[in-house]
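This report refers to the structure that appears directly beneath it.
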């Protein structure tokens, strides 16, 4: 059964965007990170399995914690958009931030509420809300920091998502956003490999590309994915006073039995042709 639509009605969004919201709510109800969880043998959610997942997650993305821990989070109001397993959100909350969260799907919302409750944070139903990143249910200038890792490019309107992030930031606030890199080695390699195998229609190639970035356990691709270049990032974030872009992340590289492990590429090739763009933008 598909997950119900977002709790918030996302006022002002067109009908086709509301349809996309419903599709995303259903797809992302399966926690982003489920493939990683299964790969390390997690079959049920317990405090021990959560700790094991978090360790594996930060081992796979060894640079991610830096984007949170470099900020003075103690006592600051922070919003995270797109929650997955809740690993980054727990780290932020544990640093003493006044943490709030938003996700389109019920599964990540439940996970984050449970994590906050385990930390002793109260009023979790108010702090962790279900709704659209394109219509954030908070007032203008509400937050010192906004984090959104791998979410806005799935909304169907990345530009509006960036504008919403800027709206809820206070003057001088900072956003940390990850978007997929349209100039990555994966973005170019996947269509070429598929075209060599067979000549697919354009829509099939686009779906297959989305699948290589995000798929559920049934093998279905995420409903929508945008890819942006570093130059396009600067256009999207032109309303901010300062924008920095880091290129990160890469998969194992090679063919057949010949492989270069990704850990050997994270500090060099991944910084040029990596899959992810980490954007730090000051309002």
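Applying the selection to region 222-273, what residues are at pLDDT below 85, assigned to a strand (DSSP E or B) and in contact with a helix residue (DSSP H, G or I) (Cβ under 8 Å, 6 or more places away or on another chain)?
Once the filter is applied, which keeps residues that are at pLDDT below 85, assigned to a strand (DSSP E or B) and in contact with a helix residue (DSSP H, G or I) (Cβ under 8 Å, 6 or more places away or on another chain), region 222-273 yields only 253.
Looking at region 242-260, can you tell me whether even one residue there is touching a strand residue (DSSP E or B) at 6+ places or on another chain (Cβ under 8 Å), farther than 16 Å from residue 60 by Cβ, loosely packed, with under 11 Cβ neighbours inside 10 Å and touching a residue at least 40 places away in the same chain (Cβ under 8 Å)?
yes
Quick check on region 130-139. Is at least one of its residues within 20 Å of residue 32 (Cβ to Cβ), surrounded by fewer than 20 Cβ atoms within 10 Å (Cβ to Cβ) and touching a strand residue (DSSP E or B) at 6+ places or on another chain (Cβ under 8 Å)?
No, region 130-139 contains no residue that is within 20 Å of residue 32 (Cβ to Cβ), surrounded by fewer than 20 Cβ atoms within 10 Å (Cβ to Cβ) and touching a strand residue (DSSP E or B) at 6+ places or on another chain (Cβ under 8 Å).
Residue under question is residue 37, and the condition is that it be surrounded by 19 or more Cβ atoms within 10 Å (Cβ to Cβ) and touching a residue at least 12 places away in the same chain (Cβ under 8 Å); does it hold?
Answer is yes for this residue.
Determine if region 158-170 includes at least one residue that is surrounded by fewer than 24 Cβ atoms within 10 Å (Cβ to Cβ), within 18 Å of residue 230 (Cα to Cα) and touching a residue at least 40 places away in the same chain (Cβ under 8 Å).
The answer is yes, given that some residue of region 158-170 is surrounded by fewer than 24 Cβ atoms within 10 Å (Cβ to Cβ), within 18 Å of residue 230 (Cα to Cα) and touching a residue at least 40 places away in the same chain (Cβ under 8 Å).
Among the residues of region 221-236, which ones are farther than 14 Å from residue 209 by Cβ and surrounded by fewer than 19 Cβ atoms within 10 Å (Cβ to Cβ)?
229, 230, 231, 232, 234, 235
Let me confirm something: among 104, 81, which residue is modelled with pLDDT of 95 or more, crowded, with 22+ Cβ neighbours inside 10 Å, in contact with a helix residue (DSSP H, G or I) (Cβ under 9 Å, 6 or more places away or on another chain) and within 21 Å of residue 123 (Cβ to Cβ)?
81
Go through region 40-69 and report how many residues are closer than 21 Å to residue 262 by Cα and touching a residue at least 60 places away in the same chain (Cβ under 8 Å).
Number satisfying all stated conditions: 5.
Whether any residue in region 169-179 is modelled with pLDDT of 95 or more, outside any loop (DSSP other than H, G, I, E, B) and more than 23 Å from residue 64 (Cα to Cα) is what I want to check.
If we filter region 169-179 for residues that are modelled with pLDDT of 95 or more, which is where we start, we get 169-179.
Next, only the ones that are outside any loop (DSSP other than H, G, I, E, B) stay: 169-179.
Applying the additional criterion that residues be more than 23 Å from residue 64 (Cα to Cα) yields 170-171.
Yes: region 169-179 contains one or more residues that are modelled with pLDDT of 95 or more, outside any loop (DSSP other than H, G, I, E, B) and more than 23 Å from residue 64 (Cα to Cα).
The values are calculated or read from the model by the stated rules, or taken from the named source; none is laboratory data. All figures in this text were calculated on a predicted structure; none of them were measured in a lab. Ideal geometry is used to build each Cβ from the backbone, glycine not excepted, and the neighbour counts take in all protein chains shown.
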